[in-house]
1. I need the full set of residues from region 233-245 which are open to solvent by 30 Å² or more (accessible area, probe 1.4 Å) and touching a Lys or Arg at 6+ places or on another chain (Cβ under 9 Å), in order please.
2. Would a scan of region 91-101 turn up a residue that is surrounded by 14 or more Cβ atoms within 10 Å (Cβ to Cβ), closer than 20 Å to S128 by Cβ and at pLDDT 90 or above?
3. Just checking, which of S70, S65, S43 is in contact with a His (Cβ under 9 Å, 6 or more places away or on another chain), modelled with pLDDT of 85 or more and either over 20 Å from L109 (Cβ atoms) or not basic (K, R) (or both)?
4. State which residue pairs qualify: first residue closer than 20 Å to L53 by Cα and inside region 87-111, second residue of a type in the set (D, E) and part of a helix (DSSP H, G or I) in any location, beta carbons under 7 Å apart, and separation of 6 or more residues or different chains.
5. Is it the case that some residue within region 7-15 is at pLDDT below 85 and in a loop (DSSP other than H, G, I, E, B)?
6. How many of the residues in region 143-159 are under 16 Å from L192 (Cα atoms) and exposed (fewer than 14 other Cβ atoms within 10 Å of the Cβ)?
7. Can you tell me which residues in region 160-174 are surrounded by 18 or more Cβ atoms within 10 Å (Cβ to Cβ) and either assigned to a helix (DSSP H, G or I) or under 30 Å from the mean Cα position of the chain (by Cα) (or both)?
Amino acid sequence: MFAKNSRTRPLLFLILVTVLIVTTAVAFIAFDAEYRTDKFILSLVALLFAECLIFGYPIYLSSSSNIANSPRLPLGLGMYSMLVLYGAGAVLLALIAMTPISFAWLGILHLIMFATVVIFLSIWKIASGELHTISISEDESRRFIIDFRRRVTLLCELPNLPEEIKVALNKLREVAQYAVSESKPSSANIELKIIELLTQLNEKLTEVLSLGKSTDSDVIDDGVLQLVGQLTHSFKERELVLREQ
């Protein structure tokens, strides 16, 4: 329901319009003109408003972002439950409106319910924004390690590499796999060094593949293994820097 999808929003909007039309039609058919008092109008408007919230909230989420894998999902589900409860409250007050309760008291009860929803919506908006900011920050802190793992995996999958280099690259990939994911300002310099070494490694591997079995390839192979060793050592330095924090 909360996933961003080009087909989801029109479908939810169609359901919303259908529900609003059916609710209005049923209300006017079920109650004769003499019973369509101020309390009837208030109750009907409250029901229609509750339905707009219940069906409009998923429409808002489906058009704004993909929340399915977001840390905001529990908040979204909690707020949706609150809106469903508001709808149930609107139905309950519609039934109460059929009793001798005065219009003033009925209006006060609706205002209390409405104020409660506004408060919860405000809290959700603030908390959702904070979680979104935290999520972006966490994604940024993991960008280095995610990119490094991706690039090393691509290097490991290069065809026709000497066996010794394949083994070394797989060990480097394993080191990166178990490395600390989050970067910190203190690790920026060592990570920059790692990126530079990885770029050099990529260039060396390109040379290895282009030379094939020529006499110069052994020299380049040694250069590749040296770079892999430096990368592994640099990752250990990064771990020490991050664990000292």
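The values are calculated or read from the model by the stated rules, or taken from the named source; none is laboratory data. All values reported here derive from a predicted model rather than from experimental measurement. Virtual Cβ from ideal backbone geometry, glycine too; neighbours counted across all protein chains shown. To get the accessible areas, we keep the full protein, side chains included, count just its heavy atoms, and leave off ligands, DNA and RNA. Shrake-Rupley method; radii C 1.70, N 1.55, O 1.52, S 1.80 Å.
1. Within region 233-245, E237, V241, Q245 meet the criteria.
2. No, because not a single residue in region 91-101 is surrounded by 14 or more Cβ atoms within 10 Å (Cβ to Cβ), closer than 20 Å to S128 by Cβ and at pLDDT 90 or above.
3. Numbers: S70 fails: modelled with pLDDT of 85 or more; S65 fails: modelled with pLDDT of 85 or more.
Exactly one residue qualifies, and that residue is S43.
4. Cβ pairs passing all conditions: G87/E51.
5. Yes - at least one qualifying residue is present in region 7-15.
6. Number of matching residues: 3.
7. I165, A168, L169, L172 - these are the residues of region 160-174 that are surrounded by 18 or more Cβ atoms within 10 Å (Cβ to Cβ) and either assigned to a helix (DSSP H, G or I) or under 30 Å from the mean Cα position of the chain (by Cα) (or both).
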